[in-house]
Structure formats: structure tokens, C-alpha cells
Amino acid sequence: MGKSGSGQTVRVGGSFDLIDHYGNPVTDGSYRGQFMLLFFGFTHCRAVCPAALLCLSRVIDRLGPLATHLRPLYITVDPERDTPAVMRAFLEGKFPHFTGLTGSRDNIEHVKRLYKVFARRAADPDDAAGYQMPHTAFTYLVGPDGKYITHFTDPSDEDELVERIARHIRCASPICGKD
């Protein structure tokens, strides 16, 4: 859970049912025992998503052996275009640390609500499909118990991300080393 500006607790995260980029059904429980690093985006994004995934990939590389405790997940906000095959082709070549997650429009809307993610289809005559998906560009860290720990804004400083994620992994508890 996070704190709002008013000091009230805001619930972030929860249960989800999606499909990974291999076509396998997964839930949040599929990743228990590992930290989840979640980024929401879409494969047709021209700038923000590729830049964020590149930064996060460097962070993961810099974590070294600690990265074995981390499961990087790229959750689409555009399930109509981002099928498992499209997600797999996009991630395997450029961002192999990440597992892509997609699903039905309802399931994606559900997980967006859980993480307070804004994403809305917007007309774009320069895009082949005629639209883009402006969206929230936060990265979320979820503990091995499935509970929200923290989030990082985009663009976050790479050194800061490495330090903060490493601290949480080393501590293995959201109580130790609070942000």
C-alpha cells in the first residue's frame, strides 16, 4: 500500500489473471517468491516504452546476481494489438529480461485499476493502426509475498533504481530499508 498526499493509505496491486508471451495463463501467484518489477506499456510505443525498457534492462544487468530474485514483467495496455506472439517478438530480441503479459480487455482494465495506471486510446494519424496509447509510465516493485513495495517514476535515475531495488532484494522485506 502507498500513501497519498493527504496521508491516507492507497491500495496498490492485487490479484490478476493474464497470458504470458508464450501463451500460458499466469496469475500474480505465478510469481510468488520473487520480486516483480512491473512496467505497463505497449509494443507500438515509439519512445517512452522502449526507453524505459532499455533503462530497466540496464538496471537488471547492474543488479548482477541479485537479479535472480527479480521477475521483470511488461504488461500491455493495448491488448488488441499486443497478442502473446507480438509481445514475444518485441521482447525476445530487444528486452529479453522481460516477460510480456497480455489478456482480454477486461483483464487488462482490471490490472490497470489495481496499479492505478492511466491508459487511453488516442487518435494518431502517423500510426499504421491510427492510434496510440498514452499511459502512466511508472515502474512498480512488488515483493515476493505479492504486496506492493514502491514505484518509480519515469524517467527515474538508473543509479537510484539499482540502489533502491538492490536494497529491497537484500532486505527481502518491505519493512527493511523503507523508501
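The values are calculated or read from the model by the stated rules, or taken from the named source; none is laboratory data. Being a predicted model, the structure only gives us computed values, none of them experimental. Here the Cβ positions follow ideal geometry from the backbone for every residue, glycine too, while neighbour counts run over all protein chains shown. What goes into the accessible areas is simple: the full protein's heavy atoms, side chains included, and nothing from ligands, DNA or RNA. Shrake-Rupley method; radii C 1.70, N 1.55, O 1.52, S 1.80 Å.
Some observations on this one:
- The heavy atoms of His44 offer some 70 square angstrom of accessible surface to a 1.4 angstrom probe.
- Per principal axis, descending, Cα span of region 36-85 in whole Å: 36, 20, 16
- Vicinal HN-Hα couplings computed from phi for region 46-54 (Karplus, 6.51 cos²θ - 1.76 cosθ + 1.60; Hz; Gly/Pro x): 8, 9, 4, 5, x, 5, 5, 5, 5
- Put simply, the amide H of Leu101, placed in the peptide plane, has neighbours under 5 Å in Tyr74, Ile75, Thr76, leaving out anything fewer than 5 places away on its chain.
- Under 5 Å between amide hydrogens, built in the peptide plane, is the criterion, and for Asp124 it picks out Tyr131, Gln132 among residues at least 5 positions away or on other chains.
- Size of region 34-164 from its Cα atoms: along the principal axes, largest to smallest, the extents are 43, 27, 25 Å.
- Annotation for Lys94 and Val48: the two label points, set 7 Å from Cα along the Cα-Cβ direction, are 1.5 nm apart.
- Carbon/sulfur fraction of accessible area - region 1-101, other protein chains in place, 1.4 Å, %: 55 percent
- Karplus 3J(HN,Hα) series, Hz, for region 12-19 with 6.51 cos²θ - 1.76 cosθ + 1.60 (x for Gly, Pro): 10, x, x, 6, 9, 10, 9, 10
- Using heavy atoms of the protein chains and a probe of 1.4 Å, the accessible area assigned to Ser15 is about 80 Å².
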